[in-house]
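The block underneath contains the structure these notes are about, expressed in structure tokens.
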Amino acid sequence: MTLHQDRKIWGWGLSTYCVPPPLLDVARAFLSARLGRELPPPRPVPTLDALTMPPPVRAIPSELADLATTDRFARALHTYGKSFRDVVRALDGDFSCAPDWVAFPKSEADLVRILALADREHVAVIPFGGGSSVVGGITADAETRASYSAVLSLDLGHLNQLLEVDRASRCVRVQAGTYGPALEQQLRPHGYTLRHYPQSFEFSTVGGWIATRAGGHFATLYTHIDDLLQSLRMVTPQGIVETRRLPGNGAGPEPNRLLLGSEGALGVISEAWLRVQDLPRFRASCTVRFPSFAAGAAACQRLSQSGLYPANARLIERDEALFMGAGDGETHILVLGFESALESQKDKLHSALSLCTALGGQPGRPKVRDEDHADPAASDEAAEQWKQSFVRAPYLRDELCRLGLCCETFETCTTWANFPRLDAAVRAAAQAVLDAECGGGVLTCRFTHLYPDGPAPYYTVIGLPQPGQQLAVWDAVKAAVSQALIDCGATITHHHAVGKDHRRFYERQVGPLALQMVLGAKRAVDPLGIMNPGTLVPALCSPKEKT
Ligand SMILES: Cc1cc2nc3c(=O)[nH]c(=O)nc-3n(C[C@H](O)[C@H](O)[C@H](O)COP(=O)(O)OP(=O)(O)OC[C@H]3O[C@@H](n4cnc5c(N)ncnc54)[C@H](O)[C@@H]3O)c2cc1C
């Protein structure tokens, strides 16, 4: 019954993967030099037997015996997402918030059965896709454990099939537990791709993407799952909600928009119709170096408003580029790429490079590859290095956590007009904490997505706190930068979602009335509040009301 035996219980990805030692050595040397201190040796990783994990509060009811387990590995794997906080708590061996049961439904009928029992017996249900949440979305907090008769993690991993292809409309029907690679593998024989590549692609699912409004790594146009979703089915404690397959819709508030980003708090997405695309065959890319981040940002602004719509346009600050092995540490780099299923992208790249040059950019050697069906995007060396380190980065982050570093990211989105003010405020807020708590630290920025009206900046924070202070320091940084984001009118998240970690800032961002509207939707489909309590919106039950 248990899936994912090859996965790491304390962090990202596969337990068998090792970060190449030379890469780790470079990262250590860079950080020691930048932080002005030797880094401590890595702490040991926790073993399953040694974890602090309470026994399940109750035995599994007989009706669920064929679907659920109390297996220790399964409970450990479903305890945490993949944020820095999650990794540090896992390294501490603290699995006190493990779910009591983990269920592996095999059909939508199983989902209906599980939610009926959970509603009747007041069991908290936490939908689990790939478990890559970085906002506490799949972790039961102490209040949830105290308020419900048990906590059940609902793993959609068996619901992993492509069910139907509508070639005329170029749409596919997919089960929600399908992981990124399995989806692309099933689409490929049809000549299609979803073309949705979050960095967590390998270990995240269609249902998780929809539930969190994930953003893929393409910088412009269709990159958010919102644009790729045509319709969905959601099982709620009050029944099944199904939206219509409509290319466009002017009838009232859009139901898909209500369910997108609902983070398991309204129900469980069982399947979805998605808009797919033809596989790209034409590619053109280049790396452009800028003397200042501001010059690169100006080029990004112009690019975003040029109508060229590059598939990739990541502006990376020089320290981050150096750290990722993609830069010289002197210049800021823009990784620029175009792709199409239809026509050569050479001219578009040329236009984009002219625009960058006019704003002080120095292009490297452009790479153009036409009609290349099988190969991944052709690109220059810096871009290729960046792509590889993009995939390895989460494994490296885990290793940096083991060295006692405070190492985490946060992201947002704002208008071009507001970006300079926001950037200054965020940097000041983070730096003040790093200086006070770590005697300094590294803060870098990159743009992950570009819109004609503004960028999505993504910040990385690295500091070396006193031993035992990793979580306290990150919590202080996070509180300070979140406050700055909200005070400056930006969003608390561009694509990482709200979860539990961002909830109080989300409440400030949307205001009390809008929050009541979301809560109203929750009360309509989940009146007893069993669905992912405390995630996105406040829990409907408190410990006093425990039945
Ligand atoms: C290294 C790393 C890189 C990342 N990069 C990106 C990125 O590039 N872009 C991006 O957008 N995010 C990124 N994330 C965040 C995360 O991967 C996304 O939020 C992703 O969409 C979560 O998918 P999942 O299947 O892992 O969902 P989970 O983590 O399992 O769940 C996330 C939330 O969705 C709910 N949920 C999951 N499945 C369902 C379902 N079927 N029905 C209802 N609710 C459900 C859960 O209850 C939870 O609240 C990254 C995370 C990590 C660790």
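Observations on the model:
- Qualifying trypsin sites (Lys or Arg not before Pro) in the stretch 456-547, where qualification requires a DSSP coil assignment and no more than 13 other C-beta atoms within 10 Å, comprise Lys546.
- Remark: relative contact order (the chain) = 16 percent; criterion is Cα-Cα distance under 8 angstrom and separation of 6 or more residues.
- Once both labels are positioned 7 Å from their Cα atoms along Cα-to-Cβ, the gap between Glu330 and Arg504 label points is 4.7 nm.
- FRET efficiency for the Glu371 to Ala168 pair, using the beta carbon distance and R₀ = 22 Å, is estimated at 0.25.
- Taking amide H as placed 1.01 Å from N in the peptide plane, the amide H of Thr448 sits under 5 Å from that of Ala456, Tyr458, each at least 5 places away or on another chain.
- Mean separation of Cα contacts under 8 Å (6+ apart) over length of the stretch 390-500, as relative contact order %: 37
- Mean Kyte hydropathy of 1.6 or more with a Cα span along the axis of at least 24 Å, helices from DSSP in the chain: none
- Computed FRET value (nearest 0.05) for His190 with Ala521, which takes r as the C-beta separation and R₀ as 41 Å: 0.70
- Footprinting exposure proxy for Glu38, Glu108, Glu263 (fewest neighbouring C-beta atoms within 10 Å first): Glu38, Glu108, Glu263
- Mean-position separation - Cα centroids, the stretch 156-216 and the stretch 22-41, in angstrom: 38
- Gap separating the Cα centres of the stretch 252-314 and the stretch 414-492, nearest whole Å: 22
- Whole-percent pair-distance distribution, where bins are 5 Å wide, for the alpha carbons of the stretch 237-318: 3, 9, 14, 13, 10, 11, 13, 13, 9, 4, 1, 0
- Residues whose amide H falls under 5 Å from that of Leu159, counting only those 5 or more places apart or on a different chain, are Gly177, with hydrogens built in the peptide plane.
- Here the 3J(HN,Hα) profile of the stretch 248-265, calculated from phi with Karplus coefficients 6.51, -1.76 and 1.60 at θ = phi - 60°, is x, 7, x, 8, x, x, 6, x, 4, 5, 6, 8, 4, x, 7, 6, x, 7 Hz, Gly and Pro shown as x.
- Taken as Cα centroids, the stretch 96-149 and the stretch 507-547 sit 16 Å apart, rounded to the nearest whole angstrom.
- Pairs with C-alpha atoms separated by more than 30 Å, drawn from the list Lys8/Lys522; Lys8/Lys106; Lys367/Lys478; Lys106/Lys522, are Lys8/Lys522; Lys367/Lys478.
- Amide H within-cut-off set for Asp370, under 5 Å, with H built and near neighbours excluded: Arg283
- Rounded FRET efficiency, nearest 0.05, which uses the C-beta distance separating Ala514 from Arg427 and R0 of 30 Å: 0.55
Bear in mind these aren't lab numbers, they're just calculated from the coordinates by the rules spelled out. This is a predicted model, so every value here is computed, not measured. Reconstructed Cβ throughout: ideal geometry from the backbone, glycine too, with neighbour counts over all protein chains shown.
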